[in-house]
Amino acid sequence: MAPPRGRGKGRFKGKGKDKKDRGQRALFRRRKFCRFTAEKMEWIDYKDIELLKDFVNETGKIIPARITGTSSGYQRQLADAIKRARFLALLPYTDLH
């Protein structure tokens, strides 16, 4: 038989954060937007290295859309363009090369 569910001590109660902290964090958060939609780009060119470098971190990983705010269609094009540029040695696979 399962134990009764009551209003006992919860695991996630409190966590040491007060409301003032949450308000401060929300004030400085920047609104995410898709850079490619704003510029009305049709497709992402793999030869545009300066653009692609903004979406690759120091270790060479592609930055996810949930962080950059890129829409899903453009994120797929971006991933393909980065992979093509890596294959043609326009972008490094890692930071060690």
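Structure notes:
- Pairs, first in contact (Cβ under 8 Å) with a residue 24 or more places away in the chain in segment 49-61, second of a type in the set (Asp, Glu), C-beta under 8 Å, six or more apart: Glu58/Asp95; Thr59/Asp95; Gly60/Asp95
- In the set Leu90, Leu27, only one residue is touching a residue at least 12 places away in the same chain (Cβ under 8 Å) and either exposed (fewer than 10 other Cβ atoms within 10 Å of the Cβ) or among the aliphatic types (A, V, I, L, M) (or both); that residue is Leu90.
- Here Tyr74 fulfils each of the conditions (1) without any contact (Cβ under 8 Å) to a residue 40 or more places away in the chain; (2) assigned to a helix (DSSP H, G or I) apart from (1).
- Subset tally (residues that are surrounded by fewer than 13 Cβ atoms within 10 Å (Cβ to Cβ) and either under 15 Å from Thr37 (Cα atoms) or in contact with a His (Cβ under 7 Å, 6 or more places away or on another chain) (or both)) for segment 55-79: 2
Here, each number is a calculation from the coordinates, and none is a lab measurement. Bear in mind that the values here come from a model prediction, so they are computed numbers and not experimental data. Note that each Cβ is placed from the backbone with ideal geometry, even for glycine, and that neighbours are counted across all protein chains shown.
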